[in-house]
Amino acid sequence: MTHARLLGSATPLAEAYDLALVDLDGVAYRGHEPIDGAAAGLAGARAAGMRLVFVTNNASREPESVADQLTSLDIPTQPSDVLTAAQACAALLATRLQSGAKVLVVGGTGLVTAVREAGFEVVTSADEHPEAVAQGFAPELGWAQLAEAAYAVAGGAWFVASNLDKSLPTARGFAPGNGALVGAVQAATGVVPDSAGKPASTMYEIAVERHGARAALVVGDRLDTDLAGARTGGFAGLHVLTGVSTARDDVLAPAGLRPHYIAADLGGLLVPHPEPVRAAEDWWTCGAAAARVAGGRLELGGDLPAGVDLVRAACAAAWAAVDAGEHLDESTVPDLRVTPEDAAGVGAGR
């Protein structure tokens with residue numbers, strides 16, 4: 001049986017892959033603030049010949065707005081370099097609806113524009129008998145809009161969500177995301193929506209087809225959306241430890257959520273990635289780091305702290321044990337944190 005595992009790359013990822021599908025919140029920026037190393041990492045990737053497409057589950061904004069924000073953070077971007085969940089949502093609607101069909105849009109200007117440009121009539125009330133409800137995140141959404149969505153869905157309209165992210169990273173912490181708001185309509189109607197955003201691989205496939213990529217690399221901070229979408233679509237995925245999911249989450253991840261590569265930040269695009277190797281007595285080694293699962297307990301060894309190599313070794317050991325049917329006591333998995341002193345890696349701390 002083939003299990004999801006970490007990969008190795010003897011060359012920098014920016015040279016091994018010709019297209020990076022880069023998430024935004026928690027990867028390129030956090031809220032309205034830059035993430036250290038993001039601009040330099042992406043500039044280096046472009047200099048190595050890698051094409052960048054920014055793929056976001058945020059459906060509230062226009063591609064032009066996203067491009068302007070990235071450019072202001074020293075990441076020069078054109079609107080054509082941005083693909084939003086709103087655009088993917090409109091593409092999903094087009095698989096079942098005829099041009100001119102009425103769609104009740106509950107979301108921001110990005111979703112309204114995408115649905116309209118796809119040839120549908122945008123409405124705002126369930127009384128107009130829409131054939132579908134398209135729901136995406138917008139900070140101004142309130143009870144009245146959610147109620148209209150619930151009325152329409154209860155009346156038989158097709159329920160489509162741009163994405164199902166339960167939380168949204170901001171400069172102040174994590175706020176309710178579109179998935180939390182969609183949950184209100186779902187709770188009121190009992191109807192589970194179809195979703196166009198990650199973890200569906202729809203946006204990745206659109207971007208790859210649009211740019212004719214030979215080898216695409218998904219870059220994200222969330223295992224349950226970015227990296228799950230990579231596994232679903234058959235793309236390699238790089239998890240950067242600057243957002244929602246942590247290194248400990250990597251170690252404990254089930255097969256469908258596991259990344260193929262792990263890096264502290266976007267600088268990970270510019271370096272090779274060693275592949276963990278199984279050694280004697282069930283130890284897995286990566287660089288100077290080592291880890292194994294013995295008696296259900298994760299043990300760390302080697303020269304510590306060993307940076308991101310420790311996370312790689314721990315993942316390899318834990319995944320191999322779990323995939324072989326062994327028990328892993330989660331309480332023995334330490335909180336592996338990114339340290340300012342080790343920009344290229346991760347140190348261990350309990």
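Out of Gly302, Gly237, report the one residue that is modelled with pLDDT under 95 and in contact with a helix residue (DSSP H, G or I) (Cβ under 9 Å, 6 or more places away or on another chain). Outline the logic, then answer.
Values: Gly237 fails: modelled with pLDDT under 95.
After ruling out the rest, the residue left standing is Gly302.
Can you pull out the residues in segment 35-51 that are under 20 Å from Leu241 (Cα atoms) and surrounded by fewer than 22 Cβ atoms within 10 Å (Cβ to Cβ)? Walk me through it before giving the result.
Taking segment 35-51 as the starting set, the residues that turn out to be under 20 Å from Leu241 (Cα atoms) are 35-45.
Across segment 35-51, the qualifying residues are Ile35, Asp36, Gly37, Ala39, Ala40, Ala43, Gly44.
Just to verify a result, which residue in segment 234-275, among those that are part of a helix (DSSP H, G or I) and open to solvent by less than 10 Å² (accessible area, probe 1.4 Å), is nearest to Arg46 (Cα to Cα)?
To start, the set of residues in segment 234-275 that are part of a helix (DSSP H, G or I) comprises 247-252, 255-257, 266-270.
So of that shortlist, the ones also open to solvent by less than 10 Å² (accessible area, probe 1.4 Å) come out as 247, 250-251, 266, 268-269.
Values: Ala247: 27, Asp250: 27, Val251: 30, Leu266: 12, Gly268: 13, Leu269: 10 Å.
If we take residues in segment 234-275 being part of a helix (DSSP H, G or I) and open to solvent by less than 10 Å² (accessible area, probe 1.4 Å), then Leu269 is nearest to Arg46 (Cα to Cα).
Close contacts from segment 83-98, counting a first residue that is touching a residue at least 60 places away in the same chain (Cβ under 8 Å) and basic (Lys, Arg) and a second that is part of a loop (DSSP other than H, G, I, E, B) and open to solvent by 40 Å² or more (accessible area, probe 1.4 Å), with Cβ to Cβ under 9 Å and a gap of 6+ residues or different chains, come to Arg96/Glu131. Restricting to segment 5-34, and then to whatever is in contact with a helix residue (DSSP H, G or I) (Cβ under 8 Å, 6 or more places away or on another chain) and within 30 Å of Thr285 (Cβ to Cβ), can you tell me which residue is surrounded by the fewest Cβ atoms within 10 Å (Cβ to Cβ)? If we take residues in segment 5-34 being in contact with a helix residue (DSSP H, G or I) (Cβ under 8 Å, 6 or more places away or on another chain) and within 30 Å of Thr285 (Cβ to Cβ), then Arg5 is surrounded by the fewest Cβ atoms within 10 Å (Cβ to Cβ).
In segment 122-145, the count of residues that are surrounded by 14 or more Cβ atoms within 10 Å (Cβ to Cβ), within 23 Å of Thr242 (Cβ to Cβ) and at pLDDT below 95 is one or more. Of all residues in segment 301-333, those being in a loop (DSSP other than H, G, I, E, B) and over 15 Å from Pro254 (Cβ atoms) number 6. The residue list Val218, Val251 contains one member that is modelled with pLDDT of 95 or more, under 15 Å from the mean Cα position of the chain (by Cα) and closer than 30 Å to Pro334 by Cα, which is Val218. From the residues in segment 182-225 that are within 21 Å of Thr242 (Cα to Cα) and β-branched (Val, Ile, Thr), which one is surrounded by the fewest Cβ atoms within 10 Å (Cβ to Cβ)? So the residue we want is Thr225.
Remark: pairs (first residue in segment 25-49, of a type in the set (D, E, K, R); second residue part of a strand (DSSP E or B) and open to solvent by 30 Å² or more (accessible area, probe 1.4 Å); Cβ separation under 8 Å; 6+ apart in sequence or on different chains) = Asp25/Leu168; Arg30/Thr170.
Of the helices (runs of 4 or more DSSP H) that lie entirely inside segment 88-191, those containing 2 or more residues that are among the aromatic types (Phe, Trp, Tyr) span 143-154.
Among the candidates Gly243, Gly173, single out the residue that is under 24 Å from Leu336 (Cα atoms), over 17 Å from the mean Cα position of the chain (by Cα) and modelled with pLDDT under 95. Outline the logic, then answer.
Details: Gly243 fails: over 17 Å from the mean Cα position of the chain (by Cα).
Exactly one of Gly243, Gly173 is under 24 Å from Leu336 (Cα atoms), over 17 Å from the mean Cα position of the chain (by Cα) and modelled with pLDDT under 95, namely Gly173.
The values are calculated or read from the model by the stated rules, or taken from the named source; none is laboratory data. Remember, predicted model here, so these are calculated numbers, not experimental data. Don't worry about glycine lacking a Cβ; one is built from the backbone with ideal geometry, like all the others, and counts go over all protein chains shown. We work out accessible area using only protein heavy atoms, side chains counted, and drop any ligands, DNA or RNA first. Shrake-Rupley method; radii C 1.70, N 1.55, O 1.52, S 1.80 Å.
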